[in-house]
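Student: Here it is, the structure, as structure tokens.
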Amino acid sequence: MNKVLIRGFEIYPDYLPKEVQSDLVDALRSCLMTAPLIRPVTPRGKPMSVRMSAAGAYGWISDRKGYRYEARHPSGVAWPAIPKILLDVWTELVPEARRPECCLINWYADSAKMGMHQDSDEADLSQPVLSVSLGDDALFRMGNTTRGGKTESVWLKSGDVVVMRGSARQAFHGIDRIKPNNSALLADGGRINLTLRVVT
Ligand code: SIN
Ligand code: MN
């Protein structure tokens, strides 16, 4: 298994074979039938460019009331179960961790991006975060545990997995841009990022 370490971020290039990626996309389509993608707004009311849904016991929500985890989709339905393919990746790469309680599903259209941020809404920050990329390439920027300072970037490709634990768990990170239409995985183009987390 190939592993690259950048600023404490563990990157596993080509971790998921193509046929597993396709099976995962099928599983996600079924998740999104239960819990459709929504366009969140920031607590200040600015629409985010990424569309979101979730699977698992909790989903991450951003709206006028703030950032938080909720046990239900805004429609009132419970979130669907986390696809088994993802639970297996979690067990293989972070065996020391508790079971993931949230799989955030982020969908990036061609012009979508995500500003530099820390993942810090979880109760136990000793637990890792694991992210899976599907579809078009994305420029992932990695920084420091405080805002600003030197950063490094890497293009994440379909099937790549990133683990944030140890010093990288609280490091700032974001997506600068997507490379439109460079992957054939998603029929309608774009990129999906899946983030597995322990919430409680
Ligand atoms: C995130 O940090 O929430 C998403 C990262 C990514 O899209 O790769
Ligand atoms: Mn994040």
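Student: With respect to ARG44, determine if the residue is farther than 30 Å from LYS18 by Cβ, among the basic types (Lys, Arg) and either more than 16 Å from ligand 1 (Cβ to nearest atom) or not in a helix (DSSP H, G or I) (or both).
Tutor: Against the criterion (farther than 30 Å from LYS18 by Cβ, among the basic types (Lys, Arg) and either more than 16 Å from ligand 1 (Cβ to nearest atom) or not in a helix (DSSP H, G or I) (or both)), ARG44 qualifies.
Student: Right, here's the next one. If I filter segment 167-175 for residues that are over 23 Å from ILE82 (Cα atoms) and modelled with pLDDT under 95, do I get at least one hit?
Tutor: Within segment 167-175, one or more residues are over 23 Å from ILE82 (Cα atoms) and modelled with pLDDT under 95.
Student: Does segment 103-119 contain any residue that is within 11 Å of ligand 1 (Cβ to nearest atom), polar (S, T, N, Q) and surrounded by fewer than 20 Cβ atoms within 10 Å (Cβ to Cβ)?
Tutor: Yes, some residue in segment 103-119 is within 11 Å of ligand 1 (Cβ to nearest atom), polar (S, T, N, Q) and surrounded by fewer than 20 Cβ atoms within 10 Å (Cβ to Cβ).
Student: Would you please name the residue that is farthest from ligand 2 (Cβ to nearest atom), looking only at residues in segment 181-194 that are among the polar types (S, T, N, Q) and in a loop (DSSP other than H, G, I, E, B)?
Tutor: Taking the candidates together, the pick is ASN181.
Student: Among the residues of segment 158-180, are any away from ligand 2 (no atom under 15 Å from the Cβ), more than 15 Å from the chain's Cα centre (by Cα), more than 23 Å from GLU122 (Cβ to Cβ) and of a type in the set (Gly, Ala, Ser)?
Tutor: Taking every residue of segment 158-180 in turn, none turns out to be away from ligand 2 (no atom under 15 Å from the Cβ), more than 15 Å from the chain's Cα centre (by Cα), more than 23 Å from GLU122 (Cβ to Cβ) and of a type in the set (Gly, Ala, Ser).
Student: Turning to a different aspect of this structure: Report every pair of residues separated by at least 6 positions or lying on different chains whose Cβ atoms are under 8 Å apart, first residue within segment 122-140 and in contact (Cβ under 8 Å) with a residue 12 or more places away in the chain, second in a loop (DSSP other than H, G, I, E, B) and within 13 Å of ligand 2 (Cβ to nearest atom).
Tutor: VAL129/ASP119
Student: Going by the structure shown, is MET164 over 25 Å from CYS31 (Cα atoms), within 11 Å of ligand 1 (Cβ to nearest atom) and among the aliphatic types (A, V, I, L, M)?
Tutor: no
Student: For TYR15, are the conditions met, namely being crowded, with 19+ Cβ neighbours inside 10 Å, hydroxyl-bearing (Ser, Thr, Tyr) and part of a loop (DSSP other than H, G, I, E, B)?
Tutor: So TYR15 fits the description; yes.
The values are calculated or read from the model by the stated rules, or taken from the named source; none is laboratory data. What you are looking at is a predicted structure, and each value in this text was computed from that prediction instead of being measured. Note: ideal-geometry Cβ built from the backbone for every residue, glycine included; neighbour counts use all protein chains shown.
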